[in-house]
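Notes follow once the structure below has been shown.
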Amino acid sequence: MSVDIEFLKTIPYFQGLGLAELEAIKRFVFEKSFDANEFIVEEGDPGEALYFVVSGVVKAFKTSAEGKEQILRLIRPGESFNDVPVFDGEPNVASAAAMGPVVLYGIRKSDVGIILRDHPQVAANVVKVLAGRVRHFTSLVEDLSFRNVLGRVAKLLLEYAENGTGLERPHLTQQDMAAMIGTAREMVGRSLKALEEKGAIRIDRHRIVLTDKKALRETAGELL
Amino acid sequence: MAQMPEIIRELCNGCGLCITVCSCKGLVLIDNVAVVIETVECDYCTECEAVCPTGAIRCPYEIVVEEG
């Protein structure tokens, strides 16, 4: 296996670095592959490495005592996960699993420390990435607190259709959608039917076609 | 070929609930594991996924914006 410098350039943590710096970082990077549905890290385990998705999509999620899953975020190519335990030294806050075949780049926790020390630009980039992460989770808390399920489904569909292409945008089951917006699968099914009756979407077998984005935005509470 | 429900074999416990709800006879048990039979009758109702107690059946949707 050889680590691709061109890919390293696309990772937000390594933006603005020169070729020499990327070459220096490259020697700390290892590659790992996972099959669909395979666990990559488990909540509560020590955070041993920082990971970047090279291809495929990873879901970061928490599971309740009753086995209910809440997806915290989907991690697409170039994005990182397992940052929090690597940076604060505490156990993993969430589990991560492959949503399809996945290839990752990893950097061991001790090597992350060396990189941050030797390349201050990376530290500045990390601050920016983690600030973006806070924005994402603030939006999630807002959704769970203030939006009804129909509004959350509408928002999810809009975000999903407009974000990424191909492998970066995995196909979602009703269970996946429920776990992403913090509700039960049955509620997602009902919401999809309601949105179809409104004319906002059309369900063509395994394809959800967004036919009226304005109606979806209204339902999501974004045009009020 | 039309998109059909997907089975994660390792998660299937062979309970057969999916087969009881499938109106198109699109699923069978082979060696105690549910197997999808490709059939034009399947209308992707997703009932098999809904009743599966182990999460072994997935009916994924592609989400797209209507062109034009």
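The values are calculated or read from the model by the stated rules, or taken from the named source; none is laboratory data. On a predicted model such as this, the values are computed, not experimentally measured, just so you know. Cβ coordinates were reconstructed from backbone atoms using ideal geometry, including for glycine residues, and neighbour counts include every protein chain displayed. Each accessible area value is taken on the protein alone, full model and side chains, heavy atoms only, with ligands, DNA and RNA left out. Shrake-Rupley method; radii C 1.70, N 1.55, O 1.52, S 1.80 Å.
Points to keep in mind about this one:
- GNM flexibility winner over chain A from A:Gly182, A:Gly106, A:Gly18 (Cα, springs under 10 Å): A:Gly18
- Two-site label geometry, A:Arg205 and A:Val134: point separation in nm, points 7 Å out along Cα→Cβ: 4.8
- Per-atom-type breakdown for region A:19-176 gives carbon and sulfur 55% of the accessible area (1.4 Å probe, protein chains only).
- Rg then Dmax, both in Å and based on the Cα atoms of chain A: 18.9, 58.
- Radius of gyration, Dmax [region A:58-188; alpha carbons; angstrom]: 16.2, 51
- Label-to-label distance, A:Phe7 versus B:Ser23, with points set 7 angstrom from Cα along the beta-carbon direction: 4.5 nm.
- Taking chain B as a Gaussian network of alpha-carbon nodes connected by springs under 10 Å, the highest mean-square fluctuation of the residues B:Ile57, B:Ile19, B:Ile30 belongs to B:Ile30.
- Choice from B:Cys24, B:Cys12, B:Cys42 showing the highest fluctuation, given a GNM over chain B with Cα pairs closer than 10 Å: B:Cys24
- All lysines inside 25 Å of A:Lys193 as judged from Cα atoms, apart from same-chain residues fewer than 8 positions distant: A:Lys68, A:Lys155, A:Lys213, A:Lys214, B:Lys25
- Expected-Rg normalisation [2.2 N^0.38 Å, Cα atoms] applied to chain B: 1.17
- Between A:Glu186 and A:Ser55, the modelled labels are 4.2 nm apart [label points 7 Å from Cα along Cα→Cβ].
- Surface/4 estimate of mean projected area, convex hull on alpha-carbon atoms of region A:18-121, nm²: 6.7
- Stretching A:Glu196 away from A:Asp88 to a fully extended chain increases their span by 34.3 nm, per 0.36 nm per residue minus the current alpha-carbon distance.
- Remark: relative contact order (chain B) = 40 percent; criterion is Cα-Cα distance under 8 angstrom and separation of 6 or more residues.
- 10 Å Cβ neighbours from other chains, averaged over peptide B:36-42: 0
- Legend note: in the protein assembly as shown, cysteines whose Cβ sits 4.7 Å or more from every other cysteine Cβ are B:Cys12, B:Cys15, B:Cys22, B:Cys24, B:Cys42, B:Cys45, B:Cys52, B:Cys59.
- Only helical runs count toward this figure. For chain B, summing -39,500 (n - 2.57) over DSSP H runs of n ≥ 4 and dividing by all residues gives -3000 deg cm²/dmol at 222 nm.
- Enclosed volume per residue, in Å³, of the convex hull spanned by Cα atoms of region A:12-74: 113
- Listed residues A:Ala49, A:Phe7, A:Ser139: farthest to the positive end of the dipole of chain A (Cβ charges): A:Ser139
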